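Have a look at the structure below before the remarks.
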Amino acid sequence: MYEQLQGEDFEIISVAMDADVEAARPWVNEAAPTYLTLVDRDHVLSSLYNMVNVPQAVWIDEEGRVVRPVESGGSIDILREFDPEAGGFKPEAMERAQAAKTTYMEAVADWAKNGAESPFAFSAEDAAAHVSQTSDDKMLAHAKFQLGCHLARLSRDEEAQALFAECRALHPDSWNIFRETTERMEGGIAAGPEFWAKVMALGDKQYYASVDMEGMPD
Amino acid sequence: MITVLTGQSETQVEAEPGTSLWLNADYLEGATGWTLKPEGFCKDDICVPVPADGSETFARDDQVNVSAFWDLMGKPSASSAAGDIWYLGEDADSRNAELLSLQAPDFTLPDFEGHYHSLSDFQRKKVLLLTWASW
């Protein structure tokens, strides 16, 4: 669906936040997207755009201005609606998740066609109001994370792991840092006991923050 | 040899590893984007004066203590245990000002064939920037 929107004045840039390029490659080969697919080994975008999870998306207009700041795209927080007995998410949660995807994609399509006239493109004032701001601790976490990634590539794993532990403590809201630097399950998915313990400890907080868009479920 | 990393650059410089990052003034701009001028430590139209405490904490001869300036400016830095690899980061106030300006920060990243692309290659187009991960 996204691919059909591409044209003279609309482009999709998909970025894999993966320290290990080879871990991401099979996904790209499988999907064989027609849009540009980049890889961000050091999570440079997390620091530049204040991103904390995947997927996250930003709408950028023809002038290079952000018209929708970082948000979870069409993903909503259904993680805690997993039904272990059924081995899947509750049907109601799946329906909501699908509705969110559809709503978001239709909004993207509307903006791709109508630009600033689209009701989904924020005014400058509204866009600024939706910016999530960073902090000194988070910026230090990004510095240590990027240094750690560099050291890991030099096989200086012990130093890298020590830095990653500091990053997780400095920026506990970053799932990108947490999942990139903690245990992987079979298939390379970072959803082991540590991950689930952190999800369950969220309490009132969301795994994916709600997207402020008409028709979008929470 | 020392490696200096910033969010978007990696530079090898002839320098001594240590607990501070001392760089020869000649290498300064290439590695950090900053230069030493009579007014101080400068980039674009910003200059941070060298503190006039008579000490050689920040500069001596043709050497500049980049990590001390980074601290002075409230910017985060990090180094390997041996001090041979340094990361010079951005401070929260600068980053927040950039975020609130709504000007999308440019970046340059490789595709899966190793070719580099920048956001600024797509001026005059609307861009949906979308992240994902294998994990």
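Annotations
- Rg(Cα)/(2.2 N^0.38 Å) for the stretch A:2-129, N = residue count: 1.17
- For the stretch A:136-200, the equivalent ellipsoid built from the Cα gyration tensor has semi-axes of 20, 16, 8 Å, listed from largest to smallest.
- Taking amide hydrogens as placed 1.01 Å from N in the peptide plane, the amide H of A:GLU71 sits under 5 Å from those of A:ALA57, each at least 5 positions away in sequence or on another chain.
- For the stretch A:39-135, the relative contact order comes to 26 percent (Cα pairs under 8 Å, sequence separation of at least 6).
- Couplings 3J(HN,Hα) of the stretch B:78-90, computed from phi: 8, 9, 5, 4, 7, x, 9, 10, 10, 10, 9, x, 10 Hz, in residue order, whole Hz [Karplus 6.51 cos²θ - 1.76 cosθ + 1.60, θ = phi - 60°; x for Gly and Pro].
- Dipole of chain A [Lys/Arg +1, Asp/Glu -1 at C-beta], most positive-end residue of A:LEU154, A:ALA107, A:ALA190: A:LEU154
- The reciprocal of the average 1/r between distinct C-alpha atoms defines the Kirkwood hydrodynamic radius, which for chain B equals 17.0 Å.
- Lysine pairs meeting the criterion (Cα under 19 Å, 8 or more apart or interchain), as found in the protein assembly as shown: 9
- Intensity falloff of chain A expressed as log10 I(q)/I(0), Debye formula with alpha-carbon point scatterers, at q = 0.09, 0.10 Å⁻¹: -0.40, -0.50
- Mean ellipticity per residue at 222 nm, deg cm²/dmol - from DSSP H runs of n ≥ 4 across chain A, formula -39500 (n - 2.57): -13500 deg cm²/dmol
- Distance between the stretch B:40-78 and the stretch A:160-188 - C-alpha centres, whole angstrom: 33 Å
- Here the dipole of the stretch A:2-129 is about 200 debye; that uses its Cα centre as origin and unit charges on the Cβ of Lys and Arg (positive) and Asp and Glu (negative).
- Angle in degrees between helix B:92-101 and the longest Cα principal axis of chain B, rounded to the nearest 10: 40 degrees
- Under-5 Å amide H pairs with B:ALA59, H placed in peptide plane, nonlocal only: B:ASN65
- Within-12-Å neighbourhood charge of B:GLU98 [Cβ basis; K, R +1; D, E -1]: -3
- Of B:ASN24, B:SER67, A:ALA86, farthest towards positive along the dipole that unit charges on Lys, Arg, Asp, Glu beta carbons give the protein assembly as shown: A:ALA86
- Dipole magnitude of the protein assembly as shown about its Cα centre (Cβ charges: Lys, Arg +1; Asp, Glu -1), debye to nearest 20: 400 debye
- Considering only GluC sites (Glu not before Pro) in DSSP loops that have at most 14 other Cβ atoms within 10 Å, the longest stretch of chain B without any of them is B:57-112.
- Percent of beta bridges antiparallel (DSSP, the protein assembly as shown, rounded to nearest 5): 70 percent
Where a number appears in this text, it was derived from the coordinates with a stated rule and is not lab data. Here the structure is a predicted model, which means the values were calculated and not measured. Please note: Cβ atoms are built from the backbone with ideal geometry, for glycine as well, and neighbour counts cover all protein chains shown.
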